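The structure appears below as structure tokens.
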Amino acid sequence: MRITAFVLLMMLACVTRADRPDLVSAKATQQSNSASDQRRQIKISIATGGGPYQPAKDTYQVGERIPVVITMTNTGSQPVYVSESGSLYQDRPQLLKDGKPIRYQSFRQSMMELAERDKTCDQENLPQQVLLRPNEPTIVDWFILAEGATSVDDNGWYEPLQPGKYTLSNRRRLNACDGPLMETNTISFLVVT
């Protein structure tokens, strides 16, 4: 009887483990990867559009909302977690028009400075952990580069964009609230009339 109960418990443990991906995730967090090792094995890329915003694209109309989707790929051999807390804390987009830098909207710049000064992320924002499995590109976040002309929201980093050729890169923190910024790829897109 004891042997049968023991065997049943072992079988249940194996079935439960196979059905619970969070146990695989827990193993990932137990790794002893240093922060610099993790930075080396994470590739961050951006695209205009894509993810929840339909297909990625590289041409927008004047006054059109421009979303940016952030994808991370774990190039290592073991699963790892990264934090996601919000664009204001983790992202620093760098937009150029015809090769010249564009400034953030003034209210966005003020919000960013206030959040850094008051450590808002540490106090109020509960970061989420996102599991990155080896060699599986994973959409981890998105932000609005520029709102559309008819939008009632004002979540964009920049004012609505005028016609021209734009180049965008981003620097993103792997940690939710602080730490070094990692460079993403650079993309180009057009805004036309």
The summed charge of the Ala47 Cβ neighbourhood (under 10 Å; Lys/Arg +1, Asp/Glu -1) stands at 0
Ratio Rg/Rh, restricted to the stretch 49-193 and using Cα atoms, in which Rh is the Kirkwood radius: 0.97
J(HN,Hα) series, the stretch 133-139, from Karplus relation 6.51 cos²θ - 1.76 cosθ + 1.60, nearest Hz, glycine and proline x: 7, x, 6, 10, x, 10, 6
In debye to the nearest 20, the charge dipole size for the stretch 103-189, taken about the Cα centre with +1 at each Lys and Arg Cβ and -1 at each Asp and Glu Cβ, equals 340
So what's the net charge close to Ser169: Lys and Arg +1, Asp and Glu -1, counting the other residues with Cβ under 12 Å from its Cβ? +1
Rounded, prolate or oblate: which fits the stretch 151-193 when a ≥ b ≥ c are the square roots of the eigenvalues of the alpha-carbon gyration tensor, with rounded for a/c under 1.5 and prolate only if a/b beats b/c? oblate
Can you pull the one-decimal nm distance between simple spin-label points at Asn135 and Lys57, each 7 Å off the Cα toward Cβ? 3.4
Output wanted: per-residue J couplings in Hz (rounded whole) for the stretch 183-193, from phi through Karplus 6.51 cos²θ - 1.76 cosθ + 1.60, θ = phi - 60°, x for Gly and Pro. 6, 9, 5, 10, 10, 10, 8, 10, 10, 10, 8
Net charge within 13 Å of Ala115 by Cβ-Cβ distance, Lys/Arg positive one each and Asp/Glu negative one each, not counting Ala115 itself? -2
Other-chain or far-sequence residues with amide H under 5 Å of Gln61's (modelled H): Val192
Enter the accessible area of Glu183 (Å², nearest 10), with the probe set to 1.4 Å and all protein chains included. 110
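The values are calculated or read from the model by the stated rules, or taken from the named source; none is laboratory data. Owing to the predicted nature of the structure, the values given are computational and were not obtained by experimental measurement. As a convention, Cβ positions derive from the backbone with ideal geometry for all residues, glycine included, and neighbour counts pool all protein chains shown. Please note that ligands, DNA and RNA were not included when accessible areas were found on the heavy atoms of the full protein model with its side chains. Shrake-Rupley method; radii C 1.70, N 1.55, O 1.52, S 1.80 Å.
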